1. Considering amide H positions built from the backbone, and no H for Pro or chain starts, which residues 5 or more places from residue 185, or on another chain, come under 5 Å of its amide H?
2. Taking a cut-off of 16 Å between Cα atoms, list the lysines near residue 158, but don't count ones fewer than 8 places away on the same chain.
3. Got a number for the accessible area of residue 179? Probe 1.4 Å, square angstrom, nearest 10.
4. Could you give the semi-axes, largest first, of the ellipsoid that matches the stretch 40-188, computed as the square roots of 5 times the alpha carbon gyration tensor eigenvalues and rounded to whole Å?
5. Under the Karplus relation 6.51 cos²θ - 1.76 cosθ + 1.60, θ = phi - 60°, what is the ordered set of whole-Hz ³J(HN,Hα) values for the stretch 64-71, x standing for Gly and Pro?
6. Give the aspartates and glutamates whose C-alpha is closer than 18 Å to that of residue 124, dropping any in the same chain fewer than 8 places away, or say none.
7. Sorted by packing (mean other beta-carbon atoms within 10 Å per residue), highest first, where do 105-113, 121-129, 88-96 land?
8. Based on the Cβ-Cβ distance from residue 101 to residue 179, what FRET efficiency comes out when R0 is 25 Å, to the nearest 0.05?
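The values are calculated or read from the model by the stated rules, or taken from the named source; none is laboratory data. Computed from a prediction, not measured in an experiment: that's the story for all the values here. Methodologically, a virtual Cβ is constructed for each residue, glycine included, from the backbone with ideal geometry; neighbour enumeration extends over all protein chains shown. The accessibility values were calculated without ligands, DNA or RNA, using every heavy atom of the protein model including side chains. Shrake-Rupley method; radii C 1.70, N 1.55, O 1.52, S 1.80 Å.
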Amino acid sequence: MSWIDSFMPEHLRISLQARVEPTIQDITAHLNNGNLNAVDSDSGELVVSELARQSVVNQYGYLDIPIGELIATQVAQNPGFDFYSVNLNDIILFGESKYVASRTAHNDALKQIVKFRRVRKDDKDLMTIQNFVPNDRQNAFVNYNNGHKGYIAAFASKNESDDSLIAKIQNNDYFQQLTGCSELICVAVDV
């Protein structure tokens, strides 16, 4: 909440805090109060989301927006994309994370992005993220209106070499459907 204080009006900070508090309690329970011994599907997806989001923010200097679990209206199980960012060219990026215990989940994440595009979850999620984009980055919404948007597929990876995984992703049908986007990032989280 602290970084939001610098640009979000007080009434929106109050609203966000009311949304965040029950969600933090739910996430804390999923992560066993920080004593995570095993990853289940709920905690796995949260871990993949947060690690992928942090990676994009830290590696590329993209805008740091809280994960969807924190800013959506539900306590948990965000019904839209899992995380968001804005790149240095003011293109909004919608992130989807998948965790599958038994295998690498790249296909699942890419498939979900394609599905979400078809049902316009990106359009719907603009209401969720609008207050997290500072005034000096509002051009991102103009770019969005002009058809410029991107996606981040984040997924748990299971003992695959980089070359093998890259080849699988490049040959994936869902990946091929997304190559016309303004930006497409794939983040493998080795678990």
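1. HN-HN under 5 Å from residue 185: 151, 152, 153.
2. Qualifying lysines at Cα under 16 Å: 98, 168.
3. In the full protein context, residue 179 sits at about 80 Å².
4. 23, 17, 14
5. So the Karplus estimates, Gly and Pro as x, are 8, 10, x, 4, x, 4, 8, 10 Hz.
6. 69, 82, 96
7. Answer by packing, highest mean first, reads 105-113, 88-96, 121-129.
8. For residue 101 and residue 179, the calculated efficiency is 0.30.
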